[in-house]
Every structure is written in structure tokens, then in C-alpha cells.
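Working notes for the structure below.
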Amino acid sequence: MSFNNIIRGYIGSNQQQQSIQQALLLSELKERLGQARGKLNGVLASGKIEPQAKQELTYYIEEINELGQIIQFMFTPEQKAVLNPKLQHANFDQIDSVFAYILNHPIGMLDKPPLNANAWFALATSKIQAVNQVLNTKWDNNINLAQTQSSNSITWAATLMILIICALIILLLLNSVTASIISKHLQSITHDLGYLNKGDFSRGIQIEGSNEFTRIQMALCETFQKIRSAMLVVQSNALDTADVSQHVETASSEVYEKSIASKNATEIIQQEVADINDATAMLMKNAEDAQTVSINLTDKIIKTTHSTNDVLDTLDKVGVSIDQVILHADTTKEKVDKINTIVEQIASITEQTNLLALNAAIEAARAGEDGRGFAVVAGEVRALATSSKSASDDIIHLLAELVNSSDDVVSQTQLAKSTIGASEDKIALCREEIASLSEEVSTLSRSAENFASATTQAMQSSVQITQRSTEVQHAANDQFMVSNELQAAQTQLKDSSNQLKQTVEKFKLNAS
């Protein structure tokens, strides 16, 4: 939090806030002048300016100039009339010239500075003292202003406290008088409500005075009269309800007996219909099972026929594939023979190369030291020739194995082809037998379908009979439940009538 925010948070007077801010600016200006005085005195004494010293002096001088502008902005014309003569003395212009000299001078030895170290220190000290004098005056003014405002605050707080105490005393007196009046009227209303709580509606309510409580008493009196009238009507209705309850009890007993007889008869009918439904359902199930079996058997015959046809097609394709395999095997054997011829040529070239490398090595040995490099090359060529011969032998061996495998494949495929031919004859015979079986199953399926159709019609008739009997049973059950509910309602009506009569008798509605 900045000083300005702290000042605004704890000091309420705008005048005092501004005065303290001015004092803080003067304090900061004094501090920067002191820092610039010491640093610049060292530079003038040494006769040269270092980069670090110039950087620090530049910062101090810029701060001093900026603070001077802020001070001129924040001070009033009357305050500046007192401040400027002290801070703008004629000799103080030399300070600005020294500042300008330092800012514009390059790094290194100083060349004819405006002031020497002693003169600069004395001049800077005098300006610091002038700022300090103005600062002390400003702090004295702040202290006096704070004391004055503190005294005014204490006086205002004491006056406010006295007014609050007087107001509290007046409120206590008014509260005491009001409580006394309210208590008197509430006692009268409570007395009248006591009779209502006891059930005595024969007494009236005494109305006294003309105020808000009087209107409440009048409203209570009107309420008492309405309740009394309502209770008289309830008393008359209670007597009528008792008579109605007696008639309802007789009628509900007759309805209950008839509903029991109807319920028993419908239960016997429902049992007989259930037996018929069970027999019909058994026939329906048997018909459905027969039809399902015939359908499943037909599906399996159709699937078997399709599978047989698929097998024949597959065998035909396998025969074609076997012919292609034999053809490819013959082609592969021819290509292997050609590769053997090429490999033999490579082996012959490898032997010749080996002989040439051996001769080259012999000649290199005769050449002595001059043929050493050629001997190395000849050795590498012999090694390559040996590797080539070994690779050629491996290729010949692999080709021989390939020819043997190809012969085995041709032999096995020819055997498979003869087996497939025999299988095709057997599958054709099986297909004829399946076709004959399919005709017999179709006849059985039509018979099962006719039997299922007849059973379905019988089941539909049985279902309709069941629905009708169920409806009759539901009607009988509903009648029985209604009779039970009627008896329960009659009992509840009788109990309610007795309770209502007893409750009304507790109230005193007429004056005795």
C-alpha cells in the first residue's frame, strides 16, 4: 500500500492529507539532494567520472528535477510564494549548471568543472538546509493542524454523546407510558378471549374507549357472533346426520348380502371357464409344437440343400485351384533349373577370381615392399570369392529343397483331386435323398398348419368366453368392494355424527 493510500485511509481532512503529502515530497527531495551531494563531491574530488557514478548521478538528478515539478504542481500559489524564494536563491543556479555539466560530460577525466569539490559541497549543503527549513515549517504546520482537528473531534464527540443520552431517556419514558396503556387494553381482551377458550359464546364483549384496541374489541365481538351462529347450524346438522346415518346403515347391510351372493356365483363360473381354457391351451400348444417341428425340419432341409450345393461348388473351385497349383509347380521347377544354371556360372567365375587373386598375391610377394598394398587388395578379393562360392553352394542346396517340396506339393494335390472326385459322386447321391425327404416334410407341415389353424379358432373362442367371465367377475368384485366401502363410510358417518354431537354439546350457545 502506498503512502498516499495510507494517508487517505487514516486521515479524514483533505487539507491535512495535502499538507502531509507536501511534507513527504520535501523529505524525498532533501534525501535525493543529499545523495547527489555526496556522490558528486566524490566525482569532483577525484577529477574523473566513472560509468557507475554517472549512472547514479543521472538517476539522482532526474529524480530531483521530477520532484521539483511535482512540488510546484501540488503547492498553492500562496505556499509557492513562501517556498520559491528559499529554494530558488541566486547561488542555487550554480547547482543546475553543475548538474548539466555532469550529465553532458563523457566518461573519464573532468575538464574544467564549474565548481571544485569544496565549493560544490558548501553550495549543496546550503540548499539542503533551505529545503530542511521549509520541511520543518511544514511539519510544524501539520502538527498544529492535527492538534486543532483533534480538539474539534473531541468536542464534537462529547456533544454527540450528550444528545444520544437525552434521546435514550426520552425513548425510555415514551416506552414506559405506551407499555402501560397497551397492558390495560390487552388485559381486557385477554379476559374476553378466556370465555371463548372455555366454549362460552353466550356472553358479549365489553367495548370501552375509541382507539385501535377498541376496533380490535369490535372485531372480536363480531367474530364471536359469527362463530355462535355457525355452531347453532352445526348443532342442527349433527342431529340430521344421525338420522341419515341410521337409514344408510340399513341399506348398506342389504347391499352387502347381495354382493356376497353375486361374488360366489361368479367365482363358480370363472372356475369352469378356466378348466375349458386349460384344455384348449393344451391343444393349442400341441398344434404349435407340431407346426414348429415341421417348420424347423423344413428349414434344416433347405439349409442342408444349400450347404450341399455350396460344398459341390467349393469342390469344383478346389479342383480348378489344384490344376493351377500343379501348373505353378511345373513353372517353378523350370525357373529353379534356370537359377541352377546361373549359380553354376557364378561358381565358375568365383573359382577363376580366386585363382587370379592367388596369382596377384604371388606377384605382390615378389614385388616386396612395393607390392604390400596390392597384396592386401588381393587378399580381400580372395575372401570375397570364397564368400561368393559359399553363398552359391547355399543357393544350390536351397533350390534342391525347393524342387523336392514342389514335387511333394504336386503329388499331394493330385491325390486330393482324386479324393474330391469321389466325394462329388457321394454328395450328388445325398442331394437326391434330401429332395425326397423335403417333399414328405412339406406334406407333414401342411397337415400341422391345418390343425394349428383349427386349434387357434377354438382358442380365440375360449379367450372371448374368458374375457366375458372375467368382466362379470370384476363387476361382482367391484360390487363387493363398493358394499364394503359403503359399510365403512356408514360406520365413519355414524362415528363422526356422534363426535360432532358430543363436541357441540360442550359449547354454551344460549344464556341460561
Relative contact order in percent for region 300-420 (Cα pairs under 8 Å, 6+ apart) equals 37
Note, region 121-136: 3J(HN,Hα) by Karplus (6.51, -1.76, 1.60, θ = phi - 60°), whole Hz, Gly/Pro = x, goes 5, 5, 5, 5, 5, 5, 6, 4, 5, 5, 5, 5, 5, 5, 5, 4
Rounded to the nearest 0.05, FRET efficiency between His474 and Asp313 (Cβ-Cβ, R0 56 Å) equals 0.30
Length gained if Leu444 through Asn118 is fully extended, taking 0.36 nm per residue and subtracting the Cα-Cα distance, is 103.4 nm
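Can you compute the equivalent ellipsoid semi-axes for region 360-457, i.e. the square root of 5 times each eigenvalue of the Cα gyration tensor, sorted largest first and rounded to whole Å?
Result for region 360-457: semi-axes of 86, 18, 4 Å.
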Per the C-alpha gyration tensor (a ≥ b ≥ c, the square roots of its eigenvalues), region 226-506 is rounded if a/c is under 1.5, else prolate if a/b beats b/c, else oblate; here it's oblate
Charge tally for neighbours of Thr298 with beta carbon under 12 Å away, counting Lys, Arg as +1 and Asp, Glu as -1, is -1
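Coordinate-derived values only; no laboratory data. What you are looking at is a predicted structure, and each value in this text was computed from that prediction instead of being measured. Note that each Cβ is placed from the backbone with ideal geometry, even for glycine, and that neighbours are counted across all protein chains shown.
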